[in-house]
1. Per residue, how much accessible surface does the range A:142-291 expose to a 1.4 Å probe? Answer in Å², no decimals.
2. 7 Å from Cα along Cα→Cβ at both B:ALA43 and A:HIS152: what's the point-to-point distance in nm?
3. Express the Stokes-Einstein translational diffusion coefficient of the protein assembly as shown in µm² s⁻¹, to the nearest whole number, given a Kirkwood radius over alpha-carbon pairs, 10 °C and a viscosity of 1.306 mPa s.
4. Once the other residues with Cβ under 13 Å from the Cβ of A:ALA385 are scored (Lys, Arg +1; Asp, Glu -1), what is the net sum?
5. Taking the Cβ of A:GLY214 as the center, what net charge do the other residues with Cβ under 9 Å away carry, scoring Lys and Arg +1 and Asp and Glu -1?
6. Keeping all protein chains in the complex and leaving out DNA, RNA and ligands, what accessible area do you get for A:TYR298 with a 1.4 Å probe, in Å² to the nearest 10?
7. Please name the residues of the range A:13-36 whose accessible area, counted over protein heavy atoms with a 1.4 angstrom probe, falls by no less than 50 Å² between the chain alone and the full protein assembly.
8. Give the lysines reachable from A:LYS215 as a straight Cα distance under 18 Å; neighbours fewer than 8 places away on the same chain don't count.
Amino acid sequence: MYRYDEFDQALVEQRVSEFRDQVRRRLAGELTEDEFKILRLMNGVYLQLHAYMLRAAIPYGTLSSDQMRGLARVAQRYDRGYGHFTTRQNIQFNWIKLEEMPDTLADLASVGLHAMQTSGNCVRNITTDQWAGVAADEFEDPRIWAEILRQHSTLHPEFSFLPRKFKVAISAAAHDRAAVKVHDIGLRMVRDGAGEVGFEVIVGGGLGRTPFIGKTIKPFLHKRDFLSYIEAILRVYNQHGRRDNIYKARIKILVHELGAEKFAAEVENEWRAIKNGALALDPAVIAAVAARFSYPNYERLSDNPSALARARSEDRAFAAWFDSAVSNHRQPGYAIVTLSLKPIGGPPGDATAAQMDAIADLADRFSFGEIRVGHEQNLVLPHVAQRDLVELWQQLQMHELATPNVGLVSDIIACPGLDYCSLANARSIPVAQELTRRFRDPALARSIGRLHINISGCINACGHHHIGHIGILGVEKNGEEFYQITLGGRADEDAKLGTLLGPAVRYGEIADVIEDVVEAYVALRQRPEELFVDTVKRLGVEPFKERVYAAR
Amino acid sequence: MTSPHEQKKRKINGSVVVTANRLGDGAVVYRTADDHWTTDLAAAAVVAAPAAAALLARAEADGVRAVGPYIAPVELAPGDRVLPGNLRERIRLDGPTFALPGVV
Ligand code: SF4
């Protein structure tokens, strides 16, 4: 866990009282909506179709059990008893009254949470691997770097009015679980020839209207240069980013228009001037931030205790859950457990207050009081002793948190879509719900294998449709909901944008079409182990197109 | 389905109302003939599209009680019932199209 200092707490509390006054003045008519809107957005408050929405940050996806209880309290007290975990390791509450927003933020502040920089043209919540600090394939904990950057960028005057929002993700493992290549800046911790750990710096990735996979502009950045180099990137962007056209304002457009090489040269130029100045990181500063992260006092245990081995071979339901939800931990005898927030027929990423409370209790009992939020909209208990897995599974089942579908076809990422969002063209959630019903049979889902379906309700791509193995994008045609389908996208270290399958299909047809796509894959794959994305990579979308559209 | 921004661009024919979100809680409200706001669509002022501009202008002048007023289509059903004119407006009136979590 990370322990915030008094400075952070004072800052958050000060922001709440400032916002309380701003809300009071707005409600009294002393501020117009135009004046107020920018203030509420700076505090994570949006207006959706039927209510205000509050987006609170969960820095690098790490929550304590007390913070989770705080979220449950907010859901219960001010909302309709649930919250929605997003693809950016945030939580959104959909029904909070503006009148109660200051109290809500005060409640969040009491557990060290806030909504700063969850909106606006600033450096947003910095995301990382949800397995940070526990993954077996990790070089070192990426959250230390996320925290150094968080401290540096929070309310940084130079970076509070960037041309557009700015998203940074950091991953420190061989396998990228943080989708770093589709962020404004993606940082991958890597080891150079001499064994030193540093960063590969990737810029200009992003989804939305004009999607791009980021380009590497520095293959290896030393740790001491972490802040100065990022500052140089932000300065170049601040100076040259387009403020005249909102659709061209993201850094990806600048990198694309200048070309990665020229952009890198500009950064290099800027960097030279500041590289050896105040931003050069002293190892003592890094160590001080690292020291604020505490790790559990693990017991000395061995892997695969006999009771676990027995349960896996004797109880098929447990084995199915284990295979989908349990991952290797770097500490022997421990495991990383993913809690599926994708129940069959449920809205992806939602958790009720009762579930949040239950998860907090289970985290206390089984995971040293710690919880993680992943960009796939699931939660994680990061430190579970393997001997406790059967008992944990039984408890999770009671709270509908043990659907054995993590990483499988019904583990769908979906944005709020037209059911909540005022920018939407089409609904996302009901499409996801119907698809989970179509693929509800766990044996079927397992036989299909790893397959990520991502759904967005409009071109803004909050549901990351471009990088879903199957991407679904809601569009509007003559006032009716239609959906475009892309195949072959992926979010990992081999990130790739999906390819359009064919003409958009109606709301009533989309689930049938996706079933046909999956059937086509099963028929086309060379062997059962060939993943959906690999079949698409090998064959392209044509054979899928033929099969899917031939029938229509 | 169509954002208010696009609804403004698109020509709306037929019957319309002026709608917005209530300032204090964000609830969906409709402009009444006597220049109030109501959550009850049946109590809204339903006007022919050309006459909506005046209704909207008065709603816009009232910036304190409601936020972001715009013109939205409605359908008139038998018995003088007023129904939202598209899916987006139906969702605004009735809420999400699925059971909310925790509600059984
Ligand atoms: S992708 Fe579009 S519809 Fe979905 S949440 Fe983002 S803005 Fe709204």
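The values are calculated or read from the model by the stated rules, or taken from the named source; none is laboratory data. Remember, it's a predicted structure, so these values are computed and weren't measured experimentally. A quick note on method: Cβ atoms are made from the backbone with ideal geometry, for glycine too, and the neighbour counts reach across all protein chains shown. Protein only, heavy atoms only, side chains kept; ligands, DNA and RNA dropped before computing areas. Shrake-Rupley method; radii C 1.70, N 1.55, O 1.52, S 1.80 Å.
1. 40
2. Those two pseudo-labels are separated by 5.6 nm.
3. The diffusion coefficient I find is 61 µm²/s.
4. -1
5. So the surrounding residues net to +2.
6. Its accessible surface works out to 50 Å², give or take rounding.
7. A:ARG26
8. Excluding near neighbours in sequence, the set is A:LYS167, A:LYS181, A:LYS248, A:LYS252, A:LYS262, A:LYS496.
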